[in-house]
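**Q** I am attaching a structure below and will ask some questions about it afterwards.
Derivation of every value follows stated rules applied to the coordinates shown; laboratory data play no part. Please read these numbers as outputs of a predicted model, since none were measured by experiment. We place every Cβ from the backbone using ideal geometry, glycine too, and count neighbours over all the protein chains shown.
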């Protein structure tokens, strides 16, 4: 597999990056030159291999240029989620030990706050404009030579968890090799999914998340073209697939749901026949949603289950899924085990905590003592805290995250099952199910629904949905209350921040506020 600089030598004018909204294009020659200049800038400021930088930007063409500059300089780079608050940003900057921070003029308020806080950062740059205390990244890079630095080494990302259950955790998977030509972390999955120099990859999610970052870097490592959406829009995504003859893409289930809820005439307006692999992960996909996507796009839907820690992975294609509906596949990295509360292995069909053993990346959560992650058990097997079971064929089925499980009257209830059903209702745009404390039963099931149209946020609609659920769900799993909310706190990568909703609804009242 060629490093982007090799593609720049062979196909200098080939598009490396195309921004889906603005149409801005970065050729391989430009990517090579600008990443060289970025690496030169890092060295001129005294940053050496192993040092950390951080960046907080929306999806733009500079994002990947900076990542490749860090990769060529042996720098550990941390993209910061754009939805984080001031205290969280300051914590990440201090925790990762960033010596340099790159902000965006489009996120000016956050950049100003990051500059004001004393997080130990020495250098501040900004893309798309300048602010007090910041230098222009574009101008600083332009002043540097376009030739490679003399001591190139392999830099890697260190990404942070979302922090929904405490402070964000920085996940560091050390580079496999110092050689700058070392393939990126996702290269193994890339081989499974047929990435090559002919690949045109559509990236609809924020680049600061693990999968979009790794898959875009892998696309560029292979010599393909990345089409990056500034922000996901269901119809715009379909239009870009047709316009650029996209061959590969990576999604989360809520994106599938939003495309499927477009009017039929809109969905049928666009030619998606160029798609070879539509990859999805990061969140559970309801069976009905996935079936509809396969019916629409054909047998190109491929799912994998993994984590940014690199502790193992499963994969399932459309053909295998049709005979194992609901599964996330068989192991392609490591071996899957299901353990009970005492750490004993369970037989097929029994539900427990999912662990991986075997060849896997050794990672650590970046903290004061750089401790090995507590996700490893005494046998060296690792977990992300998911709950599920294996069937007789070794296919893994996930039921939910362990800490989301509701125990009501001694019965284990998995919110994912209820959410997967509710999202298929015609009047439901998004949904969250969780448990709230209840004196009689310990916890009781609550559902929060974002309606397709706010005019449907009525008691009559709530009764309609509850009756619909009653026909399809065991009575012990029925929500004790159904609330309407104008917009659920879901990140652009599909992750739902249930903790925020749980805090909001502890009073037991339905939101009657209209959307802003």
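**Q** Stretch residue 24-residue 412 to full length: gain in nm at 0.36 nm per residue minus the Cα-Cα span?
**A** Roughly 134.6 nm would be gained on extension.
**Q** Could you work out how far apart the two model spin labels at residue 453 and residue 178 are, taking each label as a point 7 Å from the Cα in the direction of the beta carbon, and quote it in nm?
**A** For residue 453 paired with residue 178, the spin-label model returns 6.5 nm.
**Q** In nm, to one decimal, how far is the residue 105 label point from the residue 130 one, both placed 7 Å along Cα→Cβ?
**A** For the pair residue 105/residue 130, the computed spacing is 1.1 nm.
**Q** To test your reading of the geometry: what angle, between 0 and 90 degrees and rounded to tens, separates the Cα axis of helix 61-72 from the longest principal axis of the chain?
**A** Approximately 70 degrees, to the nearest ten.
**Q** Here's something else I'd like to know. Quick check on region 62-166: take the gyration tensor over C-alpha atoms, sort the square-rooted eigenvalues as a ≥ b ≥ c, and tell me if it's rounded (a/c under 1.5), prolate or oblate.
**A** oblate
**Q** Name all residues of region 194-238 having a backbone nitrogen under 14 Å from the label point set 7 Å from the Cα of residue 83 along its Cα→Cβ direction, giving them as ranges.
**A** Flagged as within label range: 205-210, 232.
**Q** Okay, next question. How large is the Kirkwood hydrodynamic radius of region 244-353, counting all unique pairs of alpha carbons, in Å?
**A** One decimal place: 15.5 Å for the Kirkwood radius.
**Q** Please list the radius of gyration and Dmax for region 126-281, considering alpha-carbon atoms only, with Å as the unit.
**A** 18.4, 56
**Q** Moving on. Is the shape of region 418-504 best called rounded, prolate or oblate, per the rule: a/c under 1.5 gives rounded, else a/b larger than b/c gives prolate, else oblate, with a ≥ b ≥ c the square roots of the Cα gyration tensor eigenvalues?
**A** oblate
**Q** By its C-alpha gyration tensor, with a ≥ b ≥ c as the square roots of the eigenvalues, how is region 4-182 shaped: rounded for a/c under 1.5, else prolate for a/b larger than b/c, else oblate?
**A** Judged from the Cα gyration tensor, region 4-182 comes out prolate (a/c at least 1.5, a/b above b/c).
**Q** Show that you can apply the helix-only estimate: for the chain, add -39,500 (n - 2.57) for every DSSP H stretch of four or more residues, divide by all residues, and state [θ] at 222 nm to the nearest 500.
**A** Only helices count here, giving -8000 deg cm²/dmol.
**Q** What would the Debye equation give as log₁₀ I(q)/I(0) for region 71-114 at q = 0.17, 0.26, 0.32 Å⁻¹, counting only Cα atoms as equal point scatterers?
**A** -0.48, -1.01, -1.33
**Q** Sticking with this one: Dividing the alpha-carbon Rg of the chain by 2.2 N^0.38 Å yields what?
**A** In units of the globular-protein estimate, the chain measures up at 0.98.
**Q** Further question: Given region 1-116, what percent of its DSSP beta bridges are antiparallel, to the nearest 5?
**A** Here the share of antiparallel DSSP bridges comes out near 25 percent.
**Q** Kindly express, to the nearest 10 degrees and within the range 0 to 90, the angle between helix 287-297's C-alpha long axis and the longest C-alpha principal axis of the chain.
**A** The angle comes out at about 50 degrees.
**Q** Right, something else. At what distance in nm do the modelled label points of residue 14 and residue 113 sit from each other, each positioned 7 Å from its Cα along Cα→Cβ?
**A** 4.2 nm
**Q** A further question on this structure: Nearest 10 degrees, 0 to 90: what angle lies between the long axis of helix 210-222 and the longest principal axis of the chain (Cα atoms)?
**A** That works out to roughly 40 degrees.
**Q** Using the alpha carbon gyration tensor of region 466-505, what are the three equivalent-ellipsoid semi-axes (square root of 5 times each eigenvalue), largest first, in whole Å?
**A** Here the semi-axes work out to 24, 12, 10 Å.
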